[in-house]
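Reading through the structure tokens given below for one structure.
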Amino acid sequence: MSRNHAASQQEHSHVSQRQLDGGQQSDGARAHNDDIDVLFHIPHLKLYSVYFILSTEYGMKSYMSMPSERRLRKRLATRQGISDAATRLFFERGFDHVTVDEIAAAADVGRMTVFNHFPRKEDMFFDRDEESREILRDALRRRDLGVAPIEALRLLAHRLVAEASPFVEFTSRSQGFIATIEASETLKDRARAIRDELAQVVTAALSECVAREPSDPDARLAAGLLLATWTVALVQGHETFRRSRNTEDAKAAFLVLIDKGTIGVKASMTGTPYA
């Protein structure tokens, strides 16, 4: 056997083994989504030498960063498209009368793509829930040293109104949002669950920002009182708009109750680091 022929056979063997290895992957294993890092799609990465990894570090990072950013933008755009389609259908027909298949068709995606972004149907309606939680956490983490935690959340309410945040929106559109909730027991149940979860989030954020244990009873009491204040204030804001159709009046009604409620919370928390 000639040396060239032997080398050719050896290369053929390597190629065949690579094909065999690749052929053993299932369709599910070959399928990839936006969450999977590009490294996992490089066949037999472990077979590459350390020298290769180190020598191409800069190029690999550059290669990975741009596709990752594009994937993230694509994923966010897909999620927003699903949410927009779902919201439109919920407003038009009512939450309970819209199926996931109909949402998928309206968003031009597959059913499983919908569930990849939103595990539950009601998550498409309350699609900004996690964002609201992070806003509350951030207000406490980034407060000025001279501002007490309870006051920081009062200031947050005023800032959200000044910035025309959708979380404190009092408009015809927000009335559609409220009406859709009121017409669905599923959404009302989820709204109550979110409120309970937010109480836990605020409790943890309050205790963390003053270096107390997460189970601090003062933090739990303060969180409950703050959530009650915000709930009553939001309801009053929406009711004011419903009567007057005036957004500024509704905002003012919301902030009046936020300020009054905050006075009461501060009084109950006197002697604690939260006030």
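The values are calculated or read from the model by the stated rules, or taken from the named source; none is laboratory data. None of these values were measured; they are calculated from a predicted model. A quick note on method: Cβ atoms are made from the backbone with ideal geometry, for glycine too, and the neighbour counts reach across all protein chains shown.
Within the stretch 148-257, considering only helices (runs of 4 or more DSSP H) that don't extend past its boundaries, which have at least 1 residues that are hydroxyl-bearing (S, T, Y) and within 23 Å of the chain's Cα centre (by Cα)? Reasoning before the result, please.
Details: elements: 149-162, 172-182, 185-209, 217-244.
Counting at least 1 such residues, we get 172-182, 185-209, 217-244.
Scanning the stretch 184-220 for residues that are in contact (Cβ under 8 Å) with a residue 40 or more places away in the chain, in contact with a helix residue (DSSP H, G or I) (Cβ under 7 Å, 6 or more places away or on another chain) and farther than 19 Å from P119 by Cβ, which turns out surrounded by the most Cβ atoms within 10 Å (Cβ to Cβ)?
Filtering the stretch 184-220 for residues that are in contact (Cβ under 8 Å) with a residue 40 or more places away in the chain, in contact with a helix residue (DSSP H, G or I) (Cβ under 7 Å, 6 or more places away or on another chain) and farther than 19 Å from P119 by Cβ, the one surrounded by the most Cβ atoms within 10 Å (Cβ to Cβ) comes out as L206.
On the basis of being within 26 Å of D144 (Cβ to Cβ) and more than 25 Å from the chain's Cα centre (by Cα), does G261 make the cut?
On the way: within 26 Å of D144 (Cβ to Cβ): yes; more than 25 Å from the chain's Cα centre (by Cα): yes.
Considered against the rule, which asks whether it is within 26 Å of D144 (Cβ to Cβ) and more than 25 Å from the chain's Cα centre (by Cα), G261 comes out as yes.
Any residue in the stretch 96-118 that is in a loop (DSSP other than H, G, I, E, B), within 19 Å of the chain's Cα centre (by Cα), in contact (Cβ under 8 Å) with a residue 24 or more places away in the chain and within 30 Å of A205 (Cβ to Cβ)? Talk me through it step by step, then tell me what you get.
From the stretch 96-118, those in a loop (DSSP other than H, G, I, E, B) are 98-99, 108-110, 118; that's our starting set.
Pick out the ones that are also within 19 Å of the chain's Cα centre (by Cα) and you get 118.
When the remaining residues are screened for being in contact (Cβ under 8 Å) with a residue 24 or more places away in the chain, the result is 118.
Next, from what is left, pick out any that are within 30 Å of A205 (Cβ to Cβ): 118.
Yes: the stretch 96-118 contains one or more residues that are in a loop (DSSP other than H, G, I, E, B), within 19 Å of the chain's Cα centre (by Cα), in contact (Cβ under 8 Å) with a residue 24 or more places away in the chain and within 30 Å of A205 (Cβ to Cβ).
If the requirement is being assigned by TED's automatic domain parsing to the domain that holds R212, touching a Pro at 6+ places or on another chain (Cβ under 8 Å) and in a helix (DSSP H, G or I), which of these qualifies: L140, L136? Explain how you work it out, then say what you get.
Details: L136 fails: touching a Pro at 6+ places or on another chain (Cβ under 8 Å).
So the residue among L140, L136 that is assigned by TED's automatic domain parsing to the domain that holds R212, touching a Pro at 6+ places or on another chain (Cβ under 8 Å) and in a helix (DSSP H, G or I) is L140.
Scan the stretch 119-133 for residues that are of a type in the set (K, R), part of a helix (DSSP H, G or I) and closer than 16 Å to T87 by Cβ and jot them down.
First pass over the stretch 119-133, keeping only residues of a type in the set (K, R): 120-121, 128, 133.
With part of a helix (DSSP H, G or I) added as a condition, the list becomes 121, 133.
Hit for the stretch 119-133 is K121, nothing else.
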